[in-house]
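**Student:** Attaching a single structure in C-alpha cells format; questions to follow.
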C-alpha cells in the first residue's frame, strides 16, 4: 500500500479552482469529525495536487499546517489525465502549467485515472482511509530534546531494531513522535523514540497535541483512561508494549538524522571527567572505535570496538546490565535485592551497578562456570 506523507500545505500547488458550496460543506464536515479521513494525491516531482484540492483548501481554512498525501510519479504512463468537461482536450503538460503559472482550471475540469493491471480507475482508489486527527495537522513539527520526552509505555527491542537500522542506513528519520502538549508524555512513535535514543540522538522530530482532543484505542487494557497514560509517563510504572494507539495508519516525514545529533564535536584534547563509574558507563557511550589499518584496504574498512572502555565487565554486558536495572527502576520494580541467573560478564555488570545503587545482588551461576 502507498505510504502516507505529512506535507506542508505551503509547499503544494493547485491546478484547478474549488467549488465554494462544496468546500464550505466539506470544511464543516471535517471540523465536526476532527479528523481527515483520506489523504490527497500529489506529484512527487512538482508537488502539484492531482486529487484532493477541496480537502487541501478545507484544511487551510481550519488553520492546519500539514496534510496527509500519497506521492506518485506523474510522468508514469500508469497515470492518465482525462476531463469531466465536454470538448476539452487536456495533457499532463497543461496541468503542470496551470499549477505553476497560477492560471488554474475551473472546478471539476481534470479527472486523473490510474492503471492497475488492465483496469483504469479514478486515482482516488489509492487513497486508503487514514483518519489523521486535526490536532496533528495543526501542530508545528519541532525538534524536541529527547531527555524532555516521557515514555508511558514499554517497547520490545525487536520492534525497535528495524527503525534503528533504517535511520542508520538512510540517514533520514521518517517517523514523527507525537507527545502530549503540556506534559511531554509520548503518545505515538515509541519505536522511533527508542531507536533515536540508541543512536545517541539529542533531539527528536515531534508534534505536540492536546490529548483531550484525541480518540485513544486500548483494546487489550481494562479500565483504561487517558489519565493512566499521563500518570505512567510522569510517575510510572510504564504500561505494557502496544497498550494504546490512536493512528489508523503510520505517517511519514523527512528529517535528516544529522539535524537530531549533537552539533558540537568534542575536541580530542578535552579531558573527560565523570562523577562516578556509573556515569562513566552511560555518559561514555557510544563505545570508542579504532580503525585497524593493517586489516583495512581501499575497498574495506575494519574497525575494532574498544569494549575495555566499559568499566565493570569490560564488555557490552555493561550496557545490558544497566538497561535491565534502569528499566526496573523506571517501573518501580527494583527493591532491596536483585536476583539473576547468569554466567560471567552480565553478573559482574549487574553486581557492580547494583552495589553503586545500594541494592543487594544474588546471582545463580551454573556449576560448569569456573
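Readers should treat all values here as calculations from the given coordinates under stated rules, not as data from a laboratory. Because the structure is predicted, anything quoted here is derived from the model rather than measured. Positions of Cβ are backbone-derived with ideal geometry, glycine not excepted, and every protein chain shown enters the neighbour counts.
**Student:** Once every DSSP H run of n ≥ 4 in the chain is given -39500 (n - 2.57) and the sum is divided by its residues, what mean residue ellipticity at 222 nm do you get, rounded to the nearest 500 deg cm²/dmol?
**Tutor:** Counting only the DSSP helices, I get -8500 deg cm²/dmol.
**Student:** Next up: Going 7 Å from the Cα of residue 129 in the Cα-to-Cβ direction, what parts of region 1-44 have a backbone nitrogen less than 15 Å from that spot?
**Tutor:** Output list for this probe position: 33-39.
**Student:** Between (i) 1.05; (ii) 1.27; (iii) 0.96, which matches Cα Rg over 2.2 N^0.38 Å calculated for the structure shown?
**Tutor:** Label of the calculated value: (ii).
**Student:** Using a Förster distance of 25 angstrom, determine the FRET efficiency expected from the C-beta separation of residue 142 and residue 31, and round it to 0.05.
**Tutor:** 0.50
**Student:** Suppose R0 equals 45 Å. What FRET efficiency, 1/(1 + (r/R0)^6) with r the Cβ-Cβ distance, do residue 222 and residue 75 give to the nearest 0.05?
**Tutor:** Once the sixth-power term is evaluated, E becomes 0.25.
**Student:** Can you tell me the 0 to 90 degree angle between the C-alpha axis of helix 317-330 and the longest principal axis of the chain, rounded to 10?
**Tutor:** Taking Cα atoms only, the helix is inclined about 70 degrees.
**Student:** Please order 213, 180 by the number of other Cβ within 10 Å, starting at the fewest.
**Tutor:** 213, 180
**Student:** Label points 7 Å out from Cα along the Cβ direction at residue 326 and residue 276: separation in nm?
**Tutor:** About 1.4 nm separates the two model spin labels.
**Student:** Note the full-extension length gain between residue 63 and residue 171 as 0.36 nm times their separation in residues minus their Cα-Cα distance, in nm to one decimal.
**Tutor:** Net length gain for the segment: 35.7 nm.
**Student:** Another question about this same structure. Fewest first, what order do 67, 132 take by the number of other Cβ atoms within 10 Å?
**Tutor:** Taking fewest neighbouring Cβ atoms as first place, the list is 132, 67.
**Student:** Let me ask another. Quick one: length gained pulling residue 292 to residue 262 fully straight, 0.36 nm per residue minus the C-alpha distance?
**Tutor:** 8.2 nm
**Student:** Go ahead and run the numbers for FRET between residue 299 and residue 248, Cβ-Cβ distance against an R0 of 35 Å, rounding to 0.05.
**Tutor:** Efficiency, from the Cβ-Cβ distance: 0.15.
**Student:** Measure off 7 Å from each Cα along the Cα-to-Cβ vector at residue 21 and residue 215, then give the distance between these two points in nanometres to one decimal.
**Tutor:** Placing both labels 7 Å beyond Cα along the Cβ direction yields 3.0 nm.
**Student:** Taking 7 Å along the Cα-to-C-beta vector as the label spot, tell me the residue 308-residue 182 distance in nanometres, rounded to one decimal.
**Tutor:** 5.4 nm
**Student:** Quick check: the distance between the Cα centres of region 109-135 and region 277-344, to the nearest angstrom?
**Tutor:** Measuring centre to centre over Cα atoms gives 49 Å.
**Student:** Taking the beta-carbon count within 10 Å as an exposure proxy, list 187, 161 from fewest neighbours to most.
**Tutor:** Lowest to highest Cβ neighbour count: 161, 187.
**Student:** Also: What does the C-alpha gyration tensor say about the overall shape of region 76-197? Classify as rounded when a/c is under 1.5, otherwise prolate if a/b is larger than b/c, or oblate.
**Tutor:** The shape class here is prolate.
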